[in-house]
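Novice: Take this structure, written in structure tokens, and hold onto it; I'll ask about it next.
The values are calculated or read from the model by the stated rules, or taken from the named source; none is laboratory data. What you see is a predicted model; the values in this text were computed from it and never measured. As a convention, Cβ positions derive from the backbone with ideal geometry for all residues, glycine included, and neighbour counts pool all protein chains shown. These accessible areas exclude ligands, DNA and RNA; they are computed on the full protein's heavy atoms, side chains included. Shrake-Rupley method; radii C 1.70, N 1.55, O 1.52, S 1.80 Å.
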Amino acid sequence: MTPEWTVVLPYYNEADYLAATLRSLDAQTLKPFRLILIDNASDDCSAEFARAQAAAMTNVEVIHLFAEQPGKVHALEVATPHVATPFVAFTDADTIYPPHYLATAAQAFADGGARVVAVMATDVTDPADGPAALAKRRHNQRVSRLWPRQTHTGGFGQAFRTRAYLDAGGYAHRHWRYVLMDHEIMERVLRHGDAVYPFDLWCVPSPRRADRSRVRWTLAERLLYHLTPHAAKNWYWHRFLGPRLARRRLTHLNLREKTWAEA
């Protein structure tokens, strides 16, 4: 059976979380799928963990890649030529995905038809059926209906129709080299169709990044993002926000910083 899904997972020094993340992907009810693992020049034992865990997976076609140039966007660019299935899901190495994750995303694409080019997951705390998690899942549904042409989740939980992703240019350094890359790409993908946020599509990222000062936009920048119509979003990202992030040196390389390990 030919896989319809590719799962892309870049990693850099993630030995503490990577095995658990891969086990959660191996437990998916939707199989087979292709898994692209990109080592972004780790200097711990992450690559060894990745290969050992991947070797134990069943009904998963694993591709191991190496991205020598530091930075998540470079790792994702290395993966792009290997994405050849109709759908692609982007995941993070420190996030747990429930067994129904890919199946729920696939159903959302089927229900939405060709107009739906992106299916987005909500990040929740564990347990996913606890009050805080349920409230956030409901919140994302509400705001995604109020602002359907904006982004309400991060790169840990993005799934695309591959054709729309590639037509939008994909994750690429030439398009965007700063933080908020998961939001910027949505501006390009949404030119090709709609995004949906299914209530039952969720994942559990690690809570360890408490200090987000090196990867965050300001309140004023975020408010303007919400107020800018989609037709003007290209101006917002490339004429307004990009130069401001450049002055503050908020590039995608900041995502490599392990601030919790320094505490």
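Novice: Which members of the stretch 89-138 meet the condition of being farther than 24 Å from Arg188 by Cα, in a helix (DSSP H, G or I) and either in contact with a helix residue (DSSP H, G or I) (Cβ under 7 Å, 6 or more places away or on another chain) or open to solvent by 60 Å² or more (accessible area, probe 1.4 Å) (or both)?
Specialist: Pro131, Ala132, Lys136, Arg138
Novice: Working carefully through the options Ala84, Ala20, Ala67, Ala79, find the one that is closer than 26 Å to His252 by Cα and crowded, with 22+ Cβ neighbours inside 10 Å.
Specialist: Ala79
Novice: Follow-up question, since we're still on this one. What is the one condition in (1) under 16 Å from the mean Cα position of the chain (by Cα); (2) open to solvent by 20 Å² or more (accessible area, probe 1.4 Å); (3) among the hydroxyl-bearing types (Ser, Thr, Tyr) that Tyr165 does not satisfy?
Specialist: (2)
Novice: For the stretch 164-187, what are the residues that are free of Cβ contacts under 8 Å to residues at least 12 places away in the same chain and in a helix (DSSP H, G or I)?
Specialist: None; the set is empty.
Novice: Then there is this: Whether any residue in the stretch 213-233 is among the small types (Gly, Ala, Ser), assigned to a loop (DSSP other than H, G, I, E, B) and touching a residue at least 40 places away in the same chain (Cβ under 8 Å) is what I want to check.
Specialist: No, the stretch 213-233 has no match at all.
Novice: Let me ask you something else. Within the stretch 113-141, which residues are among the aliphatic types (A, V, I, L, M) and touching a strand residue (DSSP E or B) at 6+ places or on another chain (Cβ under 9 Å)?
Specialist: Answer for the stretch 113-141, where residues must be among the aliphatic types (A, V, I, L, M) and touching a strand residue (DSSP E or B) at 6+ places or on another chain (Cβ under 9 Å): Ala114, Val116, Val117, Ala118, Val119, Met120, Ala121, Val124, Ala128, Ala133.
Novice: Also: Give just the number: which of (1) among the hydroxyl-bearing types (Ser, Thr, Tyr); (2) over 24 Å from Tyr171 (Cβ atoms); (3) touching a Lys or Arg at 6+ places or on another chain (Cβ under 8 Å) does Thr29 not satisfy?
Specialist: Result: Thr29 passes all but (3).
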